[in-house]
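Here's the structure, in structure tokens; my notes come after.
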Amino acid sequence: MLHPLDGYRVVDFGSAWAGPQMAHIISDMGAEVIKVESRTRIDYGRMGGAASSKDLLVKSPEAIAAAAPERLELNPVFHLLNRGKRGITVDFTRPEGSDLIRELVLRSDVVTDNFTPGVLDKYGLGYQSLAAIKPDIIVVSLCFAGHTGPLKGTRGYAPIITALAGLDSVVGYPDETIPCGPRFAYGDHVAATYGALAILVALVHRNRTGEGQYIDISEWEATTSLLGEPLMEYVMNRRIPAPAGNRDSQMAPHGYYPCRGVDQWVSIAVKTDEEWLGLSRAMENPHWTSARRFSDRYGRLSNQDELDRLVAEWTVNYTSREVTVILQSHGVAAAPFLNARDQHGDPHFREREIYVEVEHPRSGKETFYGIPWKLSETPGKIRGSGPMLGQDNEYIFKTLLGLPEGEFNRLANEKIIY
């Protein structure tokens with residue numbers, strides 16, 4: 001079956017989360033993605049498997065690779081974020097190693113990284129150097145604050161990104177005095193998706209004009225794009241939105257309501273008067289639904305505490321899925337609150353392959369999220385788990401680049417291909 005990006009090749013320097021996810025999206029769509037590591041610069045994502053052993057936790061990546069290499073092949077998160085990629089090990093900080101990378105770039109279409117600004121430039125592998133030998137190359141550099149501006153050298157992880165982007169300012173409940181950021185690395189996910197989109201746009205441009213280009217992505221700026229409404233509220237009204245918990249400025253009832261069972265909840269959102277009448281019918285028209293204070297949206301928004309209490313008195317008599325079925329049949333937006341176990345076993349998710357099983361040669365079957373966009377003619381494919389360290393050295397250096405056996409062995413012995 002034809003995949004959208006068959007025939008394209010990507011050199012991937014990404015590590016940890018955002019960079020690898022950006023490249024695996026392109027891999028899912030058919031591109032050959034070659035992940036670049038070395039035993040002196042192992043992707044930090046591999047270390048999850050090693051960190052489970054206390055005696056290895058304090059060791060350097062190179063020491064772990066020498067003492068317990070199997071530990072570097074056990075982290076399912078690394079496998080997920082690097083699925084479908086080839087893997088090579090080359091020390092590009094040495095001249096012969098950077099020469100090998102340049103030879104690989106000559107045979108590639110895209111180079112991706114999420115280094116701190118200036119890292120690849122030190123080794124002659126920045127955009128200007130690569131464009132000089134391959135003018136149509138596309139280079140995507142993703143980092144915390146971008147590659148220009150006063151903060152360009154700032155180091156940051158997920159909580160730093162969401163804090164500076166303003167996302168943390170609207171997460172939490174109104175009565176909390178300490179900011180509470182989101183648990184997951186939204187900055188990494190958003191920047192990775194934007195980065196993949198930018199690669200596609202740049203490829204379209206290159207295919208039309210023959211021009212390559214440099215793409216500079218700031219994770220902080222990408223995450224700021226999630227705050228459209230709060231930013232508009234300040235710009236237009238000079239009001240700074242505060243955390244609102246599960247409340248919404250337009251909908252009531254709106255939030256999570258308890259259901260029968262332990263830690264069972266249902267999400268309900270009602271916006272229009274028609275939906276409110278649907279909710280009332282679903283609850284068999286209790287007398288309070290016709291009260292004047294709930295007769296229009298303004299009244300419902302003004303009496304949310306009481307409204308939430310009354311709705312909860314009804315939902316607690318049913319399971320979350322029973323409430324969902326009842327409300328949906330009356331035209332009301334509702335869905336059960338699902339944890340990871342619930343999602344994994346959900347028949348709808350299974351049918352649509354939201355979760356898929358992938359085999360890894362060391363850790364066996366693992367469950368990955370699938371491809372969320374469903375293209376009818378070129379659907380893409382998850383072509384395997386993450387690569388083992390250096391698993392494709394012989395194919396890339398001997399077959400693709402044409403290194404003679406003796407030269408390959410010399411570079412391996414001298415720890416350049418290493």
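The values are calculated or read from the model by the stated rules, or taken from the named source; none is laboratory data. Quantities reported herein were computed from a predicted structural model and do not represent experimental measurements. A quick note on method: Cβ atoms are made from the backbone with ideal geometry, for glycine too, and the neighbour counts reach across all protein chains shown.
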Of those in the range 368-411 that are outside any loop (DSSP other than H, G, I, E, B) and touching a residue at least 40 places away in the same chain (Cβ under 8 Å), the residue farthest from ASN82 (Cα to Cα) is LEU411
ASP216 vs (1) surrounded by 14 or more Cβ atoms within 10 Å (Cβ to Cβ); (2) of a type in the set (D, E, K, R); (3) in a helix (DSSP H, G or I): all pass except (3)
Note to self: Tell me whether the range 160-168 contains one or more residues that are out of contact with any Leu (no Cβ under 6 Å at 6 or more places or on another chain), modelled with pLDDT under 95, among the β-branched types (Val, Ile, Thr) and within 23 Å of GLN128 (Cα to Cα).
What the structure shows: no
Scanning the range 175-211 for residues that are assigned to a loop (DSSP other than H, G, I, E, B) and free of Cβ contacts under 8 Å to residues at least 12 places away in the same chain, the one surrounded by the most Cβ atoms within 10 Å (Cβ to Cβ) turns out to be ARG183
So, first residue more than 16 Å from ILE199 (Cα to Cα) and without any contact (Cβ under 8 Å) to a residue 40 or more places away in the chain in the range 216-231, second residue outside any helix (DSSP H, G or I) and hydroxyl-bearing (Ser, Thr, Tyr), Cβ within less than 9 Å, six or more apart or across chains; the pairs are GLU229/SER249
Exactly one of GLY146, GLY172 is small (Gly, Ala, Ser), in contact with a helix residue (DSSP H, G or I) (Cβ under 8 Å, 6 or more places away or on another chain) and either touching a residue at least 24 places away in the same chain (Cβ under 8 Å) or part of a loop (DSSP other than H, G, I, E, B) (or both), and that residue is GLY146
Residue set ALA192, ALA196; condition among the aliphatic types (A, V, I, L, M) and under 14 Å from CYS143 (Cβ atoms); output residue ALA192
SER376 vs (1) more than 23 Å from ARG41 (Cα to Cα); (2) crowded, with 16+ Cβ neighbours inside 10 Å: all pass except (2)
